[in-house]
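These notes are about the structure you will find just below.
The values are calculated or read from the model by the stated rules, or taken from the named source; none is laboratory data. Here the structure is a predicted model, which means the values were calculated and not measured. Cβ placement follows ideal geometry from the backbone for every residue including glycine, while neighbour counts extend to all protein chains displayed. For accessibility, only protein heavy atoms count, side chains too; no ligands or nucleic acids. Shrake-Rupley method; radii C 1.70, N 1.55, O 1.52, S 1.80 Å.
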Amino acid sequence: MSSIRVKGVRKSFGELEVLRGVDLEVNSGEVLCIVGPSGSGKSTLLRCMNLLVIPDEGQIFLDDVALTDPRIRPEWVRQNIGMVFQSFNLFTHLTVKRNVMLALRHVKRMNRAKAEKVAVSQLTRVGLADKLNAYPAQLSGGQQQRVAIARALAMDPKAILFDEPTSALDPESIHEVLAVMSRIGQEGMTMAVVTHEMGFAKEVADRVVFFDAGRVVEEGTPDEIFERAGHERTQAFMKKILR
């Protein structure tokens, strides 16, 4: 597994400064949860980490490779750092298996037989072996999100970013998706997770970052952040959401 380092990253949209000099590291094999109020820049930070959004300033590294070097192709970055979004972004006219095979065939140039084998393996990994030939419309939201996770895993990335992957789901589906994410983390995948699921962050995260107003305010173990936060802004946030 690999580590991701963010150094001095800034990003503005017009006059709105969203990221204000962010320094952050996701260690190899670590589950890092990023929590904080809506609109604080968490999702923009994730998108910068795999170059869906290009930072205005600063550097991002995957191991020793500077992803922000203009010679690095964004497509290479996205193969190595997968991303799972709030919306599932599945192709409705393709079966579950073909949704997972698509990037393997067209990006990794795998032959059909190998791509199918990988797709079946990863869909089985997320508990969907019985849904290979179903279409997205035939699945629950939680099942669709698990297809999206399988699609990310199929590319064999060095790390995966999760941007509030359960925000559009019902409580039962949330449990299904979080269980899969927990298992992936236990298997050693490097993960950065933006989430409002504080129970998941408490139980699964190796480290928690509290993010507000475009900056890392505080970071530590789940116990340190949720039970013994040192910064008054973190304390105020936790008091509101954990009461």
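Some observations on this one:
- Boolean, residue 86 is free of Cβ contacts under 8 Å to residues at least 12 places away in the same chain, open to solvent by 60 Å² or more (accessible area, probe 1.4 Å) and under 27 Å from residue 175 (Cα atoms): no
- Only residues that are part of a loop (DSSP other than H, G, I, E, B) and over 21 Å from residue 43 (Cα atoms) were counted in the stretch 180-210, giving 2.
- Selection within the stretch 24-67 - in contact (Cβ under 8 Å) with a residue 60 or more places away in the chain, hydroxyl-bearing (Ser, Thr, Tyr) and under 30 Å from residue 235 (Cβ atoms): 40, 43
- Looking only at residues in the stretch 173-214 that are farther than 29 Å from residue 10 by Cβ and basic (Lys, Arg), the one that is nearest to the chain's Cα centre (by Cα) is 183.
- Matching residues, the stretch 193-218, being without any contact (Cβ under 8 Å) to a residue 40 or more places away in the chain and either out of contact with any Gly (no Cβ under 7 Å at 6 or more places or on another chain) or of a type in the set (S, T, N, Q) (or both): 197, 199, 202, 203
- Inclusion of residue 58 among residues that are open to solvent by 10 Å² or more (accessible area, probe 1.4 Å) and either within 18 Å of the chain's Cα centre (by Cα) or farther than 19 Å from residue 159 by Cα (or both) is warranted.
- Hits in the stretch 165-192 - residues which are in contact with a helix residue (DSSP H, G or I) (Cβ under 7 Å, 6 or more places away or on another chain) and touching a residue at least 60 places away in the same chain (Cβ under 8 Å): 165, 168, 185, 191, 192
- When residues of the stretch 154-179 are limited to those that are in a helix (DSSP H, G or I) and open to solvent by 10 Å² or more (accessible area, probe 1.4 Å), the one nearest to residue 210 (Cα to Cα): 178
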